[in-house]
Each structure stands twice: as structure tokens, then as C-alpha cells.
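Student: Take a look at this one; I'll ask things after.
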Amino acid sequence: MKPTLTLGPVLFNWPAERWRDFYARIADEAPVDAVVVGEIVCSKRAPFLAPVMDEVIARLAAAGKEVWLASPILAGSDRERAAMRDLVESDLLPVEANDMGALALLEGRRHAVGPFINSYNEATLAWLAGRGAVAVSLPAELPAASVAMMAKTGAALGLSMEVQVFGRAPLAISARCYHARAHALHKDGCQFVCTNDPDGMPVSTVDGQPFLSVNGTQTLSHGYLALAAEIDRLRAMGIQRFRLSPQDLDMVAVAKAFRAILDGARSGQDVMAELRAMTAVPLENGFFHNMAGAAYADAAAPAA
Amino acid sequence: MGSFELICPAGNPAALRAAVDAGADAVYLGFRDETNARNFPGLNFSRPELAEAIAYAHARSVQVFVAINTYPQAGNLAPWQRAVDDAARLKADAVILADLGLLDYAAKRHPDLRLHLSVQASAANAEAIRLYREAFGVRRVVLPRVLTVPEIARLNAEVDVETEVFVFGGLCPMAEGRCSLSSYATGLSPNKQGVCSPASHVRYEPRGEALASRLGGFTINVFGAGEPAGYPTLCKGRFVPGGGTSSDPAYLFEEPTSLNALALLPELKAAKVCALKIEGRQRGKAYIAAVVGAYRRALDAFERGLPVPALDLEAMVEGGAQTTGAYTRAWR
């Protein structure tokens, strides 16, 4: 089965024009098969993207991309719930659920389960498949042994299984906005300060060691998760979908590099070297290798 | 709408007896393994201890809820399923679960066992709660600490499920069950191993007059001379937002503070919350007795329409600071 390269939703608060131009370039140049779009972190940002959303979706669809709409990660407030319901009820495109509320609304419809729904084991996969899920994106913190078991079970259930192979690992979501808090602002009057950090706000320890990245109500890893050297192993396990999470760098180049691995044209180690040259932040693969997520393990080393 | 139920933590048999004797309506606890979200060394219950705990509690008309609220590991479901089976066999009054697969197992295997949805499931809206109700027959939902009281009131108007909220103790600023910060720093996680900022990865490091607290490879805080050094819970550490170094690092996520929602009892009652939960399965029996007793007196006064006595719990709260958390919008 031909592997699918997926581009996950832009997590950061990029101005609408930049967001639109990013997807225009993805549509024209990036060798990705599927694109998941939507503002999933902060419902306050969604109105900015609304005017260009239809244009972006049309452009991606015209380029032959499979387009999915992603539901918000945390739908607690009335506004977030309304956004979640609108998304499902519009029925324009298949939805990737990132909250159990969205999953509830999607019963009986073709849908995907996003990485923000806790799918940790085969019993959960079976239940999700029984409700009509066709694809499941695994949480970033799963180690290789779990991924292998999930891939095997998913295949038996007819699910298309996905793993994030590039981009900051999502670590937490809150009702509190840490961007606003860091700027001594209230969430309700945040002045959209998160716009100033198109790749997230760096957070270092008191010793000056880079550690985390804040994206409004979301906390991400500082380093980029990068499983380029593990792609062959993931494919051997039965993983069919490979997700890239957009960062503030040349994502077309990133997509081409991962496509080349999937096509057998380049080695994972070769692509890792290219990724290192492209970015100033460390590359990390610790979660997959059953270590601290922030760690980097030589993928060529024997499995833990 | 009856009286609030007071739901109290117990990390060991002595704490359970303290909670029961101090006026708990129900005690929640977990087995001594990775099946519960407070899997700390020296804590929790063996099967015989649970049997004794249930006998002690039931003889005093107090209920026992068993938290089996981590996410079962792929390829190794047996410990979690056995925990549910044993809780049912020993006549626990409810099990508190988070994982979809385990809820499915419990609902099918033990149709008479009362299911509560753990805060670790992070069910923050009516749509999600209805799903857990319809799919598994969940009777009560422990709400994540991300909702305001008005949001809780609207939620309760929409769902036919009891809701339980945290009123006192440690405070997660993140949506529970959806946080991998510890896993990122140490490789051990709340969802998988039931640990947050695990003690096995904590180190204290003297730096001249100061003391640094470390978790895994990261410094979580530095305390000046004479400043009380707290535990390096990752989200309660000092960091430098914006990156680089700073002489004035900030409590970026949350100050070392404790939740205390006592002042919100009238609002929580009006919001039709059914049960009030005290956090702290890692606490000793003296703490449990003091906090449960104080809340018991406060609730009894409140239910009788009398002035609610102030809690003398300054010594019990982290960093001596208290907050009403997400329940009031000020927190945001």
C-alpha cells in the first residue's frame, strides 16, 4: 500500500495572508497527499482564518490533495463548542476529531481520530473503529513497542494508522493562555501577542537551556520531533500515514525530503542531516525510543 | 438536589481511616501499580488492603471508589482489566476510568459496576459527556479543571450525569490526561505510568547559597537563600519566557499554589454540582484528617444555611498560596 504523507494543521497564529500563501505553495509544490486544516489551538484566532478558508480548501482540493478539517483540541467554552458543532454540521469535508465532543458528533460519518484523542491501546482502537473511524493518528509520546502493536491492531481493524514524523511535539493544552500570561495580559484581552511568535515562544530554563515552546494555550517541545531515520521501521510495522507538523521554515523542502524517503530515493540519515542544516533547534526522537521525549537516540542503534 | 458529597483521597490504609473518620462521604484510592494516576513509591493499596478498606468504610456508610485512570499500555491490557475485575469482586462502589477501551471492557464485563469518568479523560463539554453516558453508562463525570463555574452550570443543564469537581489541593493548570510534559523531560508520563514529575528523576543541587531543583535533564527552579525549596513539579517551575537567560525568571504556567474553592460553594450548588473532591492521595493521614475535617465542618454549616467557617488551612496549602483556579475567569 502506498504510504500517505500528511500535513497536519498549522498550530501557530500566522496572519491570514501568510496562512493562505503557505497553503497555496503547499498545493502547488509540496508532495503531500493529505492536508489537515483548521485552527485547533485557540478559538479566538479562528475568525481571522475564516475569510480565506474556502479559498485555501479549494486550492488544495484542486491540487489533488485529500483535505480534512481538524476540530479544536479543547472545546470547553461556549465559543469553542459552537465552533466544534459548526465544523461537523457543515458536512463539507471529512473531519479529524481532536476532542471527544467532536467524536460524539461524528458518529456514523467517515472521520479520522486526531493525535489529541488518547489512543493508547488496541482496545481503544477497536472501540474507535466500531464507531466509524477510518484513520487514527497516534499520540506523540507512544514508544516503538506501542506503535508496533497499534499498527498491527489498526491494520486488522481496517484503520489507516498515522505517526507524526516531523515538527514540535504537542505536550499540553490548557484553558489558560501562557502567551498572554507571559506578557502580563489577561486571556480576554490578549492583544493576540502569539502572532509575534510564528514558531512558538521559546521557553528556557533558569540556566538558559532551551526547553519548551509556548503557543497560546498550548505547550510544545522546543526541539523538533524528527523520525526520518525511523521511517523504514515504521513502514515495516504497518504504519501507512506519516504526519508533518508545520513549522516556520521551508515546509515544501521538508515534505520533499520525507517523500524521498518514502519513495526509497533517500536514506533517513541523509534527510536528518538536511533537516539539521535547515533549523537551529535540536531534532528529537526520544518518545519513540522509550526515552525522555527531549532526547535524541541514534536510530541505527539496537532498539531499547 | 441533595447535599454535596465529599470525596476524599487516600494513599494508604491509615489515610483512608483518617478520611472516613473525619467525615468523608466517599474515599477514592488506587492499586499499587501503574493502573492509577498516583503511582508513587510507597503509596496505594494491595488487594487485601482494599478489601479491608472497603470493610472499614462500608461499616461506617462511606463509599470507596477505585481509580484505574491511566491509559493501558498497548499489548499489555491485563493489569488494567484485572484491576477492574478485582474492584468489582471486592465490591467497590465505583471505578474511576479514563481509557475508552477500558470503559468498554468494564461496561460489558461488569454491567452492574458503577462507572465514573476520571478527570484524566478530560471531558470538557456536553457532547463528550453524553457520549460517555450513552456508550458506557457512565454515571458521574469528574470535570477537568479548565471550566469556569458558569460553564459548569450550563453543562449540568444539558447532561443527565452527576458531576464532581475538585475543590481543594494541588492544581493542574493543563487539561488532565492530555499533558506529556513529564514524559518529555523524563520518559515517564501521567498517562502511561501514572506519574507526574516523578521523584525518581528529581535532584536537588546546591549552588552557593541557592538551591536548584532538577527534573531529568532540566532545571525546574532555583531557590534563593532562605527561600523554601518546593518540589520540582514541572508546570510549577520558574522559566524564562522568550528564551535565553534572565535574572528574573517567571512562574510561566502556574505559581506553586493550591486550589481552594470553598468560597464558591453557593455557586457550585447553584451550578448543580453533585460532589466535591479533595486532591492529595500522596498526603499523610494528618493532612487528610485536617483537610477533610475542615471541609466537613464547612459543608455541614453550608447545608444548614449557616455561615461557612473559614478553613484554617494556611499550613496545608502549597507555598502558602491559594487560588480558585479556572472556576473564576481571573485565573485566565
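Student: Quick one: would you say B:Val167 is crowded, with 20+ Cβ neighbours inside 10 Å, part of a strand (DSSP E or B) and either within 25 Å of the chain's Cα centre (by Cα) or away from chain A (no Cβ under 13 Å) (or both)?
Tutor: So B:Val167 fits the description; yes.
Student: Take segment A:15-38 and flag every residue that is over 18 Å from A:Ala253 (Cβ atoms) and touching a residue at least 40 places away in the same chain (Cβ under 8 Å).
Tutor: A:Pro15, A:Ala34, A:Val36, A:Gly38, listed by residue number.
Student: Go through segment A:107-135 and report how many residues are within 14 Å of A:Pro72 (Cα to Cα) and out of contact with any Leu (no Cβ under 7 Å at 6 or more places or on another chain).
Tutor: Of the residues in segment A:107-135, 3 are within 14 Å of A:Pro72 (Cα to Cα) and out of contact with any Leu (no Cβ under 7 Å at 6 or more places or on another chain).
Student: Does A:Asp248 meet the test of being closer than 24 Å to A:Val35 by Cβ, within 14 Å of another protein chain (Cβ to nearest Cβ) and assigned to a loop (DSSP other than H, G, I, E, B)?
Tutor: Criteria not met by A:Asp248.
Student: Yes or no: B:Arg38 buried (at least 19 other Cβ atoms within 10 Å of the Cβ), modelled with pLDDT under 95 and closer than 19 Å to B:Ala286 by Cβ?
Tutor: Considered against the rule, which asks whether it is buried (at least 19 other Cβ atoms within 10 Å of the Cβ), modelled with pLDDT under 95 and closer than 19 Å to B:Ala286 by Cβ, B:Arg38 comes out as yes.
Student: Take segment B:180-204 and flag every residue that is at the interface with chain A (Cβ under 9 Å from one of its Cβ atoms) and under 14 Å from the mean Cα position of the chain (by Cα).
Tutor: B:Asn191
Student: A further question follows. Identify all residues within segment A:148-165 that are among the hydroxyl-bearing types (Ser, Thr, Tyr) and part of a strand (DSSP E or B); write none if there are none.
Tutor: A:Ser160
Student: Just name the residue that is farthest from B:Cys179 (Cα to Cα) out of those in segment B:197-213 that are hydroxyl-bearing (Ser, Thr, Tyr) and outside any strand (DSSP E or B).
Tutor: B:Ser200
Student: Something else about it: Looking at segment B:103-116, I want the residues that are more than 18 Å from B:Glu162 (Cα to Cα) and facing another protein chain (nearest Cβ under 10 Å) and have a partner that is open to solvent by 20 Å² or more (accessible area, probe 1.4 Å) and in a helix (DSSP H, G or I) with Cβ atoms under 7 Å, at least 6 apart or on another chain. Which pairs are those?
Tutor: B:Asp104/A:Ala123; B:Asp104/A:Trp127; B:Tyr105/A:Ala123; B:Tyr105/B:Gln81
Student: What is the one condition in (1) open to solvent by 10 Å² or more (accessible area, probe 1.4 Å); (2) farther than 18 Å from B:Leu276 by Cα that B:Glu151 does not satisfy?
Tutor: (2)
Student: Looking at segment B:225-277 only, could you name the residues that are part of a helix (DSSP H, G or I), open to solvent by less than 30 Å² (accessible area, probe 1.4 Å) and basic (Lys, Arg)? Please lay out each step first, then the result.
Tutor: Within segment B:225-277, the first condition is being part of a helix (DSSP H, G or I), and the residues that meet it are B:234-236, B:262-270.
Cutting the leftovers down to open to solvent by less than 30 Å² (accessible area, probe 1.4 Å) gives us B:234-236, B:262, B:264-265, B:268.
The answer is B:Lys236, and nothing else.
Student: Does B:Arg207 satisfy being surrounded by fewer than 19 Cβ atoms within 10 Å (Cβ to Cβ) and under 20 Å from the mean Cα position of the chain (by Cα)?
Tutor: Details: surrounded by fewer than 19 Cβ atoms within 10 Å (Cβ to Cβ): yes; under 20 Å from the mean Cα position of the chain (by Cα): no.
It is false that B:Arg207 is surrounded by fewer than 19 Cβ atoms within 10 Å (Cβ to Cβ) and under 20 Å from the mean Cα position of the chain (by Cα).
Student: Among the residues of segment B:66-74, is any touching a residue at least 60 places away in the same chain (Cβ under 8 Å), farther than 30 Å from B:Glu267 by Cβ and under 18 Å from the mean Cα position of the chain (by Cα)?
Tutor: yes
Student: Additional query: Collect the residues in segment B:117-148 that are basic (Lys, Arg) and away from every other protein chain (no Cβ under 11 Å), keeping them in residue-number order.
Tutor: Within segment B:117-148, B:Arg139, B:Arg140 meet the criteria.
Student: Consider B:Ala26 carefully, then state whether it is away from every other protein chain (no Cβ under 14 Å) and closer than 24 Å to B:Leu103 by Cβ.
Tutor: Against the criterion (away from every other protein chain (no Cβ under 14 Å) and closer than 24 Å to B:Leu103 by Cβ), B:Ala26 qualifies.
Residues are listed down the side, and each one gets a yes or a no for (1) more than 12 Å from chain B (Cβ to nearest Cβ); (2) open to solvent by less than 10 Å² (accessible area, probe 1.4 Å); (3) within 30 Å of B:Leu181 (Cβ to Cβ):
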position	(1), (2), (3)
A:Pro31	yes, no, no
A:Ala46	yes, no, yes
A:Met53	yes, no, no
A:Ala58	yes, no, no
A:Gly64	yes, no, no
A:Pro72	no, no, yes
A:Val136	no, yes, yes
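Student: Exactly one condition in (1) open to solvent by 30 Å² or more (accessible area, probe 1.4 Å); (2) in contact (Cβ under 8 Å) with a residue 40 or more places away in the chain is false for A:Glu107; which is it?
Tutor: (2)
Student: Can you list residue pairs whose Cβ atoms sit under 7 Å apart, with the first residue in segment A:267-284 being among the hydrophobic types (A, V, I, L, M, F, W, C) and the second being open to solvent by 50 Å² or more (accessible area, probe 1.4 Å)? Count only pairs 6 or more apart in sequence or on different chains.
Tutor: A:Met278/A:Asp250; A:Leu283/A:Arg276; A:Leu283/A:Tyr296
Student: Is segment A:192-200 home to any residue that is open to solvent by less than 40 Å² (accessible area, probe 1.4 Å), over 20 Å from the mean Cα position of the chain (by Cα) and within 27 Å of B:Leu171 (Cα to Cα)?
Tutor: Restricting attention to segment A:192-200, the residues satisfying the condition of being open to solvent by less than 40 Å² (accessible area, probe 1.4 Å) are A:193-194, A:197-200.
Still in the list and also over 20 Å from the mean Cα position of the chain (by Cα): A:193.
Now restrict to residues that are within 27 Å of B:Leu171 (Cα to Cα): A:193.
Scanning segment A:192-200, I find at least one residue that is open to solvent by less than 40 Å² (accessible area, probe 1.4 Å), over 20 Å from the mean Cα position of the chain (by Cα) and within 27 Å of B:Leu171 (Cα to Cα), so the answer is yes.
Student: I need every pair where a residue in segment A:85-100 that is under 23 Å from B:Leu103 (Cβ atoms) and open to solvent by less than 40 Å² (accessible area, probe 1.4 Å) has its Cβ under 9 Å from the Cβ of a residue that is of a type in the set (Phe, Trp, Tyr) and in a helix (DSSP H, G or I), sequence separation at least 6 or different chains.
Tutor: Close Cβ pairs satisfying both conditions: A:Met100/B:Tyr132.
Student: So in segment A:117-134, with the set limited to residues that are more than 7 Å from every other protein chain (Cβ to nearest Cβ) and either of a type in the set (Lys, Arg) or in a loop (DSSP other than H, G, I, E, B) (or both), which one is nearest to B:Lys108 (Cα to Cα)?
Tutor: So, considering only residues that are more than 7 Å from every other protein chain (Cβ to nearest Cβ) and either of a type in the set (Lys, Arg) or in a loop (DSSP other than H, G, I, E, B) (or both), the one nearest to B:Lys108 (Cα to Cα) is A:Arg131.
Student: Another question, if that's okay. Against the condition open to solvent by 20 Å² or more (accessible area, probe 1.4 Å), within 9 Å of chain A (Cβ to nearest Cβ) and in contact with a helix residue (DSSP H, G or I) (Cβ under 9 Å, 6 or more places away or on another chain), how does B:Gly75 come out, does it pass? Outline the logic, then answer.
Tutor: Details: open to solvent by 20 Å² or more (accessible area, probe 1.4 Å): yes; within 9 Å of chain A (Cβ to nearest Cβ): yes; in contact with a helix residue (DSSP H, G or I) (Cβ under 9 Å, 6 or more places away or on another chain): yes.
In short, yes.
Student: Here is a check on your reading of the model: is B:Arg17 buried (at least 18 other Cβ atoms within 10 Å of the Cβ), of a type outside the set (Asp, Glu), over 18 Å from B:Val95 (Cβ atoms) and modelled with pLDDT of 95 or more? Spell out how you get there, then give the answer.
Tutor: Values: buried (at least 18 other Cβ atoms within 10 Å of the Cβ): yes; of a type outside the set (Asp, Glu): yes; over 18 Å from B:Val95 (Cβ atoms): yes; modelled with pLDDT of 95 or more: yes.
Against the criterion (buried (at least 18 other Cβ atoms within 10 Å of the Cβ), of a type outside the set (Asp, Glu), over 18 Å from B:Val95 (Cβ atoms) and modelled with pLDDT of 95 or more), B:Arg17 qualifies.
Student: On to the next question. How many residues, within segment A:149-177, are within 30 Å of B:Leu171 (Cα to Cα), among the small types (Gly, Ala, Ser) and more than 9 Å from every other protein chain (Cβ to nearest Cβ)?
Tutor: Of the residues in that region, 1 qualify.
Student: Now for a different question. Hey, can you tell me all the residues within segment A:254-300 that are closer than 26 Å to B:Ser183 by Cβ and of a type in the set (D, E, K, R)?
Tutor: Matches in segment A:254-300: A:Arg276, A:Glu284, A:Asp298.
Student: Within segment A:193-211, can one find any residue that is touching a Cys at 6+ places or on another chain (Cβ under 7 Å) and part of a strand (DSSP E or B)?
Tutor: Looking through segment A:193-211, none of the residues is touching a Cys at 6+ places or on another chain (Cβ under 7 Å) and part of a strand (DSSP E or B).
The values are calculated or read from the model by the stated rules, or taken from the named source; none is laboratory data. If you're wondering where the values come from, they're calculated on a predicted model, not measured in any experiment. Cβ coordinates were reconstructed from backbone atoms using ideal geometry, including for glycine residues, and neighbour counts include every protein chain displayed. These area figures cover heavy atoms from the full protein model, side chains too; ligands, DNA and RNA do not enter into them. Shrake-Rupley method; radii C 1.70, N 1.55, O 1.52, S 1.80 Å.
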